[in-house]
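So the structure is just underneath, and the comments pick up after that.
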Amino acid sequence: MISRRDFLQTSMAATALLGASGFGKWGRIAAQQALTQDQLLQFDSFGNVCLMHITDIHAQLKPIYFREPSINIGVGANKGAVPHITGAEFRKMYGIDDGSYAHYALSSGDFEALARGYGRVGGLDRVATVINQIRSERPDALLLDGGDTWHGSYTCYHTQGQDMVDVMNTLKPDAMTFHWEFTLGSDRVNEIVEGLPFAALGQNIFDAEWDEPAELFPPYKFFERGGVKIAVIGQAFPYMPIANPGWMFPEYAFGIRDEHMQEIVDQVRAKGAELVVCLSHNGFDVDKKMAGIVSGIDVILSGHTHDALPEPVLVGDTIIVASGSNGKFVSRVDLDVRDGRMMGFRHKLIPVLSDVIAPDPDVAAVIDSVRAPYEETLAEVIGQTDSLLYRRGNFNGTWDDLICDALISERDADIALSPGVRWGPSLLPGQDITREDIWNVTSMSYGAAYRTEMTGEFLHVVLEDVADNLFNPDPYYQQGGDMVRTGGLGYRIDITQPQGSRITDMVLLKTGEKIDPARIYQVAGWASVNEGTQGPPIWDVVESHIRKQGRVSVAPNTSVEVVGA
Amino acid sequence: MELTRRNAILMGSGAILAAGLPLRAWAVGEEAIAAFTGGAPVGEGDITLTAPEIAENGNTVPIEVSSGSASEIMVLALGNPTPSVATFKFGKLAGSRAASTRIRLAGTQDVVAIAKLEDGSFVQAKATVKVTIGGCGG
């Protein structure tokens, strides 16, 4: 299998590539035109199998800005391990020059300056160019979509995912797995999946009533490429009915089901698979743990937690590839498979810099046509921002602070709660906020902005529950989102404590008083997984708030004190 | 998150119940284990308990127990007000010594399966099943 030496060679190759980008310090960013598409795509073809991985696009058809997190804390065995290393420390670890395009694409720090220098990222017409370029070299390359594709924008909401289906079909994926797709409701998911021209995989998608594998989603598919028999096994998001509203897809059950994964791996090996690839929406730490339990998987293409890593992580004989989110990256993995074994690999996480990579005209035309009926509504300017608006990070993002402000003022609440999701592009200071921008950070099929009463004690239970989903030392008990965002409420969190003891010093910010467990507070929030939740759509609440403000500005959030990181 | 008012109240009281339970339930569970084993030591070995890490619905959690050589397998939910779930008995001619069922869990807790093997020894397997409010996925 892969020796440590092979792995190091790959690492060095990656470092050399990054070093060759020619960008030293900020002053030279202006020379952006010196960075070429060929440089970004440069790859010395290797072996006999080529995989392309894209995941967690969240319906971002057009180029966007996307700031990577500065706070992403690892717990238990993953403390201090990637992807729980951010900013300058991350760059140092991978030998990435400050101010380089890799700094901009992969890490946080000086985001605004670098974003102005390097421009937007993603856009599925640019992704198409990357894929076509790889296919021109390697016509039999497999394109694998890790899911969270049919969710996350105005057009996706209004077309029930059809915009994404139409555009993705032009990219001709070979297989896909799922997460947010199910929030379209099982009827719609079934309808789309029945018509998909590629495999819809999930070894852990079960019939809820019979607890048997669901017929519509086969566990795996075989491909013959470069004389190699490849099995691609799907692994959907394990905690769908818990993290998202289960009542929208009651016929389905999920779970990690690693014992079933082992059965499937053994089964495909027995049928002659020489390479086993797992297309996963587990989240990175769950994939790492699973790789240590299930034997016989060569490559895990990891999605869900939106991590972008410049080289694979090795667990035993399994390599784990993390390919970011929002259309910002395509991973290329070339593999040498001989005598029924993976003998080596070469990998590159290709950042899709929208100003450097030319759009594919055919795919651009399809994107324009699916957006055309909505273009005027999408482009309406609601306000401007004076602050960088972003979401990613374990505790708060400025977008969430703004959404919480909107909930408190528009819904007349003491406290606001906003879900710790990891999707949602960023906006730079000075940019217009359009209706499309608001939908990009709020769009979902259960976006009612509720207003309810909660006791201080129950608020504590909620925070503890979500904190354990993030900071339980065992990755199998983590759901992969970030901490619920709070508005009007401050607290202290000691992440090393067990559930029930992490959250202390809860304070009602408007009065500075401690939260009284027995008192009732007016709480506004959105994205409840409960059926029958009532309230105006969150995007209308946020739009109304921004319209009243005209220009928005978000002060640094100091209401959460984090201990034990 | 479950955040309508009705569910908030339900969850709130559920959480208090769960917090208040374990001591008494633990004692009942210990008694049931002692009665099953007759006080014999319980090791690890030929017993597999399959349960979800996080329950999709705490009211109906699928579990499965299996063993190559068990004559009886007892299942306990240690955090429930009544920890006893079931005892499965397998005869010498049993085609497979496995059983699956669905159980109700009052909150996050350990589920334990103890098998009495044909040689008279006892082995156990344990799984923590988390019952969570949920919500807020990535």
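Annotations
- Restricting the stretch A:470-482 to residues that are farther than 16 Å from residue A:494 by Cβ and part of a helix (DSSP H, G or I), the residue that is farthest from the other protein chains (Cβ to nearest Cβ): A:475
- Residue A:541 vs. criteria closer than 23 Å to residue B:109 by Cβ and buried (at least 18 other Cβ atoms within 10 Å of the Cβ): no
- The set of residues in the stretch A:529-558 being out of contact with any Phe, Trp or Tyr (no Cβ under 6 Å at 6 or more places or on another chain) and within 14 Å of another protein chain (Cβ to nearest Cβ) consists of A:529, A:530, A:532, A:534.
- The numbered conditions (1) more than 9 Å from chain B (Cβ to nearest Cβ); (2) under 24 Å from the mean Cα position of the chain (by Cα); (3) closer than 17 Å to residue A:419 by Cβ are all true for residue A:525 except (1).
- Restricting the first member to the stretch A:197-225 and to residues that are within 19 Å of residue A:146 (Cα to Cα) and open to solvent by 30 Å² or more (accessible area, probe 1.4 Å), and the second to residues that are of a type outside the set (A, V, I, L, M) and modelled with pLDDT of 95 or more, the beta-carbon pairs closer than 6 Å and six or more apart or on different chains are A:219/A:203.
- For the stretch A:454-466, the criterion of a residue being under 30 Å from residue A:286 (Cα atoms), β-branched (Val, Ile, Thr) and open to solvent by 10 Å² or more (accessible area, probe 1.4 Å) is satisfied by at least one position.
- Pairs where the first residue, in the stretch A:428-457, is within 14 Å of another protein chain (Cβ to nearest Cβ) and touching a residue at least 12 places away in the same chain (Cβ under 8 Å) and the second is among the acidic types (Asp, Glu) and buried (at least 18 other Cβ atoms within 10 Å of the Cβ), C-beta under 8 Å, 6+ apart: A:449/A:410
- If you go through the stretch A:485-521 and keep only what is more than 26 Å from residue A:393 (Cα to Cα) and either within 14 Å of chain B (Cβ to nearest Cβ) or in a loop (DSSP other than H, G, I, E, B) (or both), you end up with A:511, A:516, A:517, A:518, A:519, A:520, A:521.
- Among the residues of the stretch A:295-329, those that are part of a strand (DSSP E or B), hydroxyl-bearing (Ser, Thr, Tyr) and under 17 Å from the mean Cα position of the chain (by Cα) comprise A:302, A:323.
- Failed item, numbered, when residue A:420 is tested on (1) over 18 Å from residue A:527 (Cα atoms); (2) within 11 Å of chain B (Cβ to nearest Cβ): (1)
Residue-wise test of (1) of a type outside the set (A, V, I, L, M); (2) more than 27 Å from residue A:325 (Cβ to Cβ); (3) touching a strand residue (DSSP E or B) at 6+ places or on another chain (Cβ under 9 Å); (4) assigned by TED's automatic domain parsing to the domain that holds residue A:403.
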site: A:482; (1), (2), (3), (4): yes, no, no, yes
site: A:485; (1), (2), (3), (4): yes, no, yes, yes
site: A:491; (1), (2), (3), (4): yes, yes, yes, yes
site: A:504; (1), (2), (3), (4): yes, yes, yes, yes
site: A:508; (1), (2), (3), (4): no, yes, yes, yes
site: A:518; (1), (2), (3), (4): no, yes, yes, yes
site: A:531; (1), (2), (3), (4): yes, yes, no, yes
site: A:541; (1), (2), (3), (4): no, no, yes, yes
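- The set of residues in the stretch A:107-142 being open to solvent by 20 Å² or more (accessible area, probe 1.4 Å) and of a type in the set (A, V, I, L, M, F, W, C) consists of A:113 alone.
- Of the residues A:365, A:322, A:358, the single one that is of a type outside the set (Lys, Arg) and either within 14 Å of another protein chain (Cβ to nearest Cβ) or in contact with an Asp or Glu (Cβ under 8 Å, 6 or more places away or on another chain) (or both) is A:322.
- In the set (1) hydrophobic (A, V, I, L, M, F, W, C); (2) in a strand (DSSP E or B); (3) open to solvent by 20 Å² or more (accessible area, probe 1.4 Å); (4) within 30 Å of residue A:473 (Cα to Cα), residue B:106 fails one condition alone, (2).
- Residues that are out of contact with any Gly (no Cβ under 6 Å at 6 or more places or on another chain) and open to solvent by less than 50 Å² (accessible area, probe 1.4 Å), drawn from the stretch A:497-511: A:500, A:502, A:503, A:506, A:508
- None of A:149, A:159, A:177 is out of contact with any helix residue (DSSP H, G or I) (no Cβ under 6 Å at 6 or more places or on another chain), within 22 Å of residue A:479 (Cβ to Cβ) and either of a type in the set (Lys, Arg) or in contact (Cβ under 8 Å) with a residue 24 or more places away in the chain (or both) except A:177.
- Condition check for residue B:76 on (1) within 14 Å of chain A (Cβ to nearest Cβ); (2) in contact with a Gly (Cβ under 6 Å, 6 or more places away or on another chain): one failure, at (1).
The values are calculated or read from the model by the stated rules, or taken from the named source; none is laboratory data. Keep in mind the model is a prediction, meaning the values are calculated, not measured. Glycine gets a Cβ as well: all are built from the backbone with ideal geometry, and neighbour counts include every protein chain shown. With ligands, DNA and RNA removed, areas are computed over all heavy atoms of the protein, side chains included. Shrake-Rupley method; radii C 1.70, N 1.55, O 1.52, S 1.80 Å.
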